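Asks: Attaching a single structure in structure tokens format; questions to follow.
The values are calculated or read from the model by the stated rules, or taken from the named source; none is laboratory data. Given the structure is predicted, the values throughout are model-derived calculations rather than measurements. As a convention, Cβ positions derive from the backbone with ideal geometry for all residues, glycine included, and neighbour counts pool all protein chains shown.
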Amino acid sequence: MQGRGVQKNHHPGGRLLAGLCHVFLSWALLMLAQPGWAGEAFRLRFAPEKDYGPFIYLTDEGQVEGLSADFLTAMAAHGELQIDTLPAQPLASILEAARQGQVDLISSLRPTPERAEFLGFTRPYVTVPAVLVTLPSRDPQSLSDFRGRPVAVGRGYAVETFVREKYPEVQWTPVDDDSEGLRLLRSGQVGAVVADVASVHFAADRLGLRGIQVNAAIGFEYPLSFAFPKSRPDIGRVLEESLRRLPETRRQSLRQRWLDGRQQSSDDPRAVWLRRVGLGLAAVAVLGLVVTQMRRSPDADAT
């Protein structure tokens, strides 16, 4: 009897199944090599801003500190994030590095349409208003008072686009950070500075600058988020989950550590000024009544 060899199966369904298995195996191996799979932490290149206190800044000793740094430390405590901190730079340089794929994580950033072209954003973890800062004057001032005059604003900051579009008649002077803007204000090179209220107080304290006036909010707020490469939504998911795990009590304690009452206040500075004037007038009125009563007293009539 003639022996029969083993016959191969050339059925199209078998080849398709083998191909699908090969694709799935390749995908699984690729995913296992990614951070976050198989228990490995996401290793992220964090680009801190050099001078954006109290949110993120470089101390005189060369340490990166601030509200956002503390948030990242608390988020990394779960073990899913490993932060490699890059040298601190101005924001404009950081954004350019992010465009070139050299950065995985940016903190204290407001989403804008321009940034959304190459960055994704988490939910905001703090919100502060932008204000107009001037040297002391008798009356509160607004940006409409600075037509044709130089006003400093952060280069590449989200508020820069807003004020340039809304107040094109102002001579906008871009600066690397709010501290530089306050120095120019102190030296008389600009007539005002636009910055968020928390940064103004923080930078003024560091510079020892007491003679400034915080005027009305300009109608622009900073909802600050963490940013990551738009091509890496996996990083965004891990950041969101790490934020979600932080209890609200912990978040609030971090905010209170870095933001005192005057920095968190949402009061319009113009309204605060008017209340102070009202209190002063009330005090004068009370003093007038006291003087009048003294003049009408029997002792006053006897003299």
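Asks: Which pairs turn up if I take residues in segment 120-133 that are buried (at least 21 other Cβ atoms within 10 Å of the Cβ) and look for partners that are in a loop (DSSP other than H, G, I, E, B) and polar (S, T, N, Q) with beta carbon separation below 8 Å, at least 6 apart in sequence or on another chain?
Replies: Sorted first by the residue in segment 120-133, then by its partner, the pairs are L132/Q141; L132/S142.
Asks: Can you tell me which of S253, S187, S179 is modelled with pLDDT of 90 or more, under 16 Å from the mean Cα position of the chain (by Cα) and among the small types (G, A, S)? Before you say what the answer is, go through the steps one by one.
Replies: Values: S253 fails: under 16 Å from the mean Cα position of the chain (by Cα); S187 fails: under 16 Å from the mean Cα position of the chain (by Cα).
None of the other options fit; the residue is S179.
Asks: When you go through (1) small (G, A, S); (2) crowded, with 18+ Cβ neighbours inside 10 Å; (3) within 15 Å of the chain's Cα centre (by Cα) one by one for A88, which number turns out not to apply?
Replies: (3)
Asks: Looking at segment 178-204 only, could you name the residues that are closer than 17 Å to V214 by Cα and not aliphatic (A, V, I, L, M)? Break it down stepwise before answering.
Replies: Just the residues of segment 178-204 that are closer than 17 Å to V214 by Cα, to begin with: 178-186, 188, 190-204.
D178, S179, E180, G181, R183, R186, G188, G191, D196, S199, H201, F202, listed by residue number.
Yes or no, residue by residue, for (1) under 14 Å from the mean Cα position of the chain (by Cα); (2) modelled with pLDDT of 95 or more; (3) outside the structural domain of A217 (by TED's automatic domain parsing); (4) not hydrophobic (A, V, I, L, M, F, W, C):
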residue: Q102; (1), (2), (3), (4): no, yes, yes, yes
residue: L105; (1), (2), (3), (4): yes, yes, yes, no
residue: E117; (1), (2), (3), (4): no, yes, yes, yes
residue: V131; (1), (2), (3), (4): no, yes, no, no
residue: P136; (1), (2), (3), (4): no, no, no, yes
residue: G148; (1), (2), (3), (4): no, yes, no, yes
residue: G154; (1), (2), (3), (4): yes, yes, no, yes
residue: R164; (1), (2), (3), (4): no, yes, no, yes
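Asks: So, one more: Might you let me know whether segment 192-206 holds any residue that is of a type in the set (S, T, Y) and either in contact with a Lys or Arg (Cβ under 9 Å, 6 or more places away or on another chain) or under 20 Å from A41 (Cα atoms) (or both)?
Replies: So the first thing to find is which residues in segment 192-206 are of a type in the set (S, T, Y), and the list is 199.
Of the ones still in play, those that are also either in contact with a Lys or Arg (Cβ under 9 Å, 6 or more places away or on another chain) or under 20 Å from A41 (Cα atoms) (or both) are none.
No, because not a single residue in segment 192-206 is of a type in the set (S, T, Y) and either in contact with a Lys or Arg (Cβ under 9 Å, 6 or more places away or on another chain) or under 20 Å from A41 (Cα atoms) (or both).
Asks: Something else: Quick check on this structure: which one of L30, L16 is aliphatic (A, V, I, L, M), surrounded by fewer than 18 Cβ atoms within 10 Å (Cβ to Cβ), at pLDDT below 55 and more than 26 Å from G156 (Cβ to Cβ)?
Replies: That would be L30, the only listed residue that is aliphatic (A, V, I, L, M), surrounded by fewer than 18 Cβ atoms within 10 Å (Cβ to Cβ), at pLDDT below 55 and more than 26 Å from G156 (Cβ to Cβ).
Asks: Only one residue in E61, E96, E65, E49 is free of Cβ contacts under 8 Å to residues at least 40 places away in the same chain and within 15 Å of the chain's Cα centre (by Cα). Which one?
Replies: On the way: E61 fails: within 15 Å of the chain's Cα centre (by Cα); E96 fails: within 15 Å of the chain's Cα centre (by Cα); E49 fails: free of Cβ contacts under 8 Å to residues at least 40 places away in the same chain.
Just a single option satisfies the conditions, and that option is E65.
Asks: Can you find even one residue in segment 221-242 that is crowded, with 17+ Cβ neighbours inside 10 Å and closer than 19 Å to L143 by Cα?
Replies: Within segment 221-242, one or more residues are crowded, with 17+ Cβ neighbours inside 10 Å and closer than 19 Å to L143 by Cα.
Asks: Then there is this: Out of all the residues in segment 103-119, is one or more without any contact (Cβ under 8 Å) to a residue 12 or more places away in the chain and either within 24 Å of P87 (Cα to Cα) or crowded, with 16+ Cβ neighbours inside 10 Å (or both)? Write out each step before concluding.
Replies: Step one: list which residues in segment 103-119 are without any contact (Cβ under 8 Å) to a residue 12 or more places away in the chain, which gives 113.
Narrowing the set further to residues that are either within 24 Å of P87 (Cα to Cα) or crowded, with 16+ Cβ neighbours inside 10 Å (or both) leaves none.
Looking through segment 103-119, none of the residues is without any contact (Cβ under 8 Å) to a residue 12 or more places away in the chain and either within 24 Å of P87 (Cα to Cα) or crowded, with 16+ Cβ neighbours inside 10 Å (or both).
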